[in-house]
1. Can you say what percent of the DSSP beta bridges in segment 4-138, counting only those with both residues inside, are antiparallel? Round to 5.
2. Roughly speaking, to the nearest percent, how much of segment 36-134's 1.4 Å accessible area is carbon and sulfur?
3. Identify which of the listed values of semi-axes √(5λ) of the Cα gyration tensor in Å was calculated from the structure shown: (1) 143, 16, 7; (2) 23, 19, 14; (3) 54, 17, 12.
4. Which aspartates and glutamates does K30 reach when only Cα atoms under 16 Å apart count, and residues fewer than 8 places away in its own chain are ignored?
5. From the square roots a ≥ b ≥ c of the eigenvalues of the alpha-carbon gyration tensor of segment 106-168, which class results: rounded (a/c under 1.5), prolate (a/b over b/c), or oblate?
6. Quick one: which residues, 5+ away or cross-chain, put their amide H under 5 Å from the amide H of D12? H built at 1.01 Å from N.
7. Mind checking Rg over Rh on segment 33-82, alpha carbons, Kirkwood formula for Rh?
8. Could you check the spin-label model distance between E37 and A109? Points 7 Å from the Cα along Cα→Cβ, value in nm.
Amino acid sequence: MAKLVVFYSRADENYFGGQYRVVEVGNTEKVAHMIAEATGADLFKIQQKVPYSPNYKRCIEQAMAHKRAKARPELVELPECLDSYDEIYLGYPNYWGDMPMAVYTFLDAFDWTGKTIYPFCTHEGSGLSGTGQNIARTCKGADVRAGLAICGSDAEHSKGLVLSWLNH
């Protein structure tokens, strides 16, 4: 069976340990590519039809509003099915102690029975928070394994951490 790296990531203005910086590739996407390269997995990027603002402060306001409303933002596309994948690496930034609501939109669209999910997130101090448990609650029938949390500021230099996690 094949492996799939599914991820949500945001470029534009991002927060890096107290400073704001514009990036062309989001932190979670950088880690997703490292995982795909190391495992030979396919890649799928979760994208909202109406993306969050490129301005970081406005983006986090929008993300918090979605979280409070338990919104399920419409996505640009979904894979037809996940039947050919038994291992899923699920990546996301930690927004307010949780996954972005668009990740839930993705998760709600599929039957997770028999799948193994490896969560990974980027953050600036929150780690995984309770996201592993949230994934397990949402993805009934999946085997959710120990996740990897990478400080977003260190994402592009995290290949050693990624490889160590993959080899456990």
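The values are calculated or read from the model by the stated rules, or taken from the named source; none is laboratory data. Because the structure is a prediction, the values reported are computed rather than measured. Here the Cβ is made from the backbone with ideal geometry for all residues, glycine too, and neighbour counts use every protein chain on show. Just so you know, the surface numbers come from the protein's heavy atoms only, side chains and all, with ligands and any DNA or RNA stripped out. Shrake-Rupley method; radii C 1.70, N 1.55, O 1.52, S 1.80 Å.
1. 30
2. Working: 2290 of 4790 Å².
Carbon and sulfur: 48 percent of the exposed surface of segment 36-134.
3. Given (1) 143, 16, 7; (2) 23, 19, 14; (3) 54, 17, 12, the structure-derived one carries the label (2).
4. D12, E13, D42, E124, D154, E156
5. On the way: a/c = 2.58, a/b = 1.74, b/c = 1.48.
Prolate, since a/c reaches 1.5 and a/b exceeds b/c.
6. V23
7. Working: Rg = 14.3 Å, Rh = 13.1 Å.
Result for segment 33-82 is an Rg/Rh of 1.09.
8. With each label point 7 Å from Cα toward Cβ, the separation is 2.7 nm.
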